[in-house]
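**Q** Provided herewith is a single structure, encoded as C-alpha cells, for subsequent inquiry.
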Amino acid sequence: MSLYVKVVHFVRRISLFLHKRYLGRALGACGSNLSVHGKTWVIYPNRIQLGDGVHLNHGCVLYALGSITVGSRCHLSSYVQLQTGGLQSALGKRASHKSAPIVLEDDVWVGANVVILPGVVIGKGSILAAGAVVSRNIPSGEIWGGVPARFIKKVE
C-alpha cells in the first residue's frame, strides 16, 4: 500500500472518529455502542435520543424539528431520512411549519433510502424495505415497503 493511500485511510478514520464523538456529545441522549459509518446529517441534535447499539450508515438525515427517539439495536441503512418537520399548506393561504415526533422502538431495521415522515411510530422488531415512504404508524413485528408504505408480511 502506498504512503498516499495510508494517509488517506488515516485521515478518514480520524474524521469518522471525530464525527462520532461530536454526535455522542451533541445528542439529547445517546446509549452505548453507537456505530456511525460515514457522514450523518443531524439538525437540532439536542432533540434526538438514541438507544444502545444503534447503527447509522452513510448519508442518514435526522431532521429533529420535533423529537426523534431511536430504540436499542436499531439499524438505519444508507440515506435514511427521519423528517419530523415540514410545511403544511392550505389552498390560498401561506404555508406554516408543522412538526411531530418520530419514534423507532427497539430492534427496528430501516432499509436504504427510506423516508419516515412526522408523527410516525415504528413498532418493535419491524422492518422497512428499501425506498419506502412511511407516513403512518407501523405495528410491531411487521415488514412494510413501497410508496406509500404498505404491509407486506409478518416477521417470522
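**Q** Could you please give the count of residues in the stretch 36-48 that are surrounded by fewer than 18 Cβ atoms within 10 Å (Cβ to Cβ) and within 11 Å of the chain's Cα centre (by Cα)?
**A** Residues meeting the conditions: 1.
**Q** For Tyr22, which of the numbered conditions (1) at pLDDT 75 or above; (2) out of contact with any helix residue (DSSP H, G or I) (no Cβ under 8 Å at 6 or more places or on another chain) fails to hold?
**A** Condition (1) is where Tyr22 drops out.
**Q** For the stretch 43-78, which residues satisfy the criterion of being within 16 Å of Asn113 (Cα to Cα) and either out of contact with any Lys or Arg (no Cβ under 8 Å at 6 or more places or on another chain) or touching a residue at least 40 places away in the same chain (Cβ under 8 Å) (or both)? Walk me through it before giving the result.
**A** Kept after step one, since they are within 16 Å of Asn113 (Cα to Cα), are these residues of the stretch 43-78: 55-63, 74-78.
The answer is His55, Leu56, Asn57, Cys60, Val61, Leu62, Tyr63, Cys74, His75, Leu76, Ser77, Ser78.
**Q** Checking Trp144 against (1) assigned to a loop (DSSP other than H, G, I, E, B); (2) out of contact with any Lys or Arg (no Cβ under 6 Å at 6 or more places or on another chain), which test does it fail?
**A** (1)
**Q** Going through the stretch 98-116 one residue at a time, which ones are among the hydrophobic types (A, V, I, L, M, F, W, C) and either in a strand (DSSP E or B) or at pLDDT below 95 (or both)?
**A** Hits for the stretch 98-116 are Ala100, Ile102, Val103, Leu104, Trp109, Val110, Val115, Ile116.
**Q** Mind checking whether some residue in the stretch 66-84 is farther than 13 Å from Val110 by Cα, assigned to a loop (DSSP other than H, G, I, E, B), out of contact with any Pro (no Cβ under 9 Å at 6 or more places or on another chain) and not polar (S, T, N, Q)?
**A** Taking every residue of the stretch 66-84 in turn, none turns out to be farther than 13 Å from Val110 by Cα, assigned to a loop (DSSP other than H, G, I, E, B), out of contact with any Pro (no Cβ under 9 Å at 6 or more places or on another chain) and not polar (S, T, N, Q).
**Q** When the stretch 106-119 is examined, which residues are found to be buried (at least 18 other Cβ atoms within 10 Å of the Cβ) and over 12 Å from the mean Cα position of the chain (by Cα)?
**A** Once the filter is applied, which keeps residues that are buried (at least 18 other Cβ atoms within 10 Å of the Cβ) and over 12 Å from the mean Cα position of the chain (by Cα), the stretch 106-119 yields Asp107, Pro118.
**Q** Which residue out of Gly131, Gly125 is free of Cβ contacts under 8 Å to residues at least 24 places away in the same chain, assigned to a loop (DSSP other than H, G, I, E, B) and surrounded by 14 or more Cβ atoms within 10 Å (Cβ to Cβ)?
**A** On the way: Gly125 fails: free of Cβ contacts under 8 Å to residues at least 24 places away in the same chain.
Matching residue, one of Gly131, Gly125: Gly131.
**Q** Within the stretch 80-100, work out how many residues are surrounded by fewer than 17 Cβ atoms within 10 Å (Cβ to Cβ), in contact with a Gly (Cβ under 9 Å, 6 or more places away or on another chain) and in contact (Cβ under 8 Å) with a residue 24 or more places away in the chain.
**A** Of the residues in that region, 2 qualify.
**Q** Would you pick out the residues in the stretch 117-150 that are among the hydrophobic types (A, V, I, L, M, F, W, C) and within 12 Å of Leu104 (Cβ to Cβ)?
**A** If the condition is that a residue be among the hydrophobic types (A, V, I, L, M, F, W, C) and within 12 Å of Leu104 (Cβ to Cβ), then Val120, Val121, Ile122, Ile127, Leu128, Val134, Ile138 are the ones that fit.
The values are calculated or read from the model by the stated rules, or taken from the named source; none is laboratory data. Computed from a predicted model, the values in this text were never measured in an experiment. All Cβ positions, even for glycine, are placed from backbone atoms using ideal geometry, and neighbour counts span all protein chains on display.
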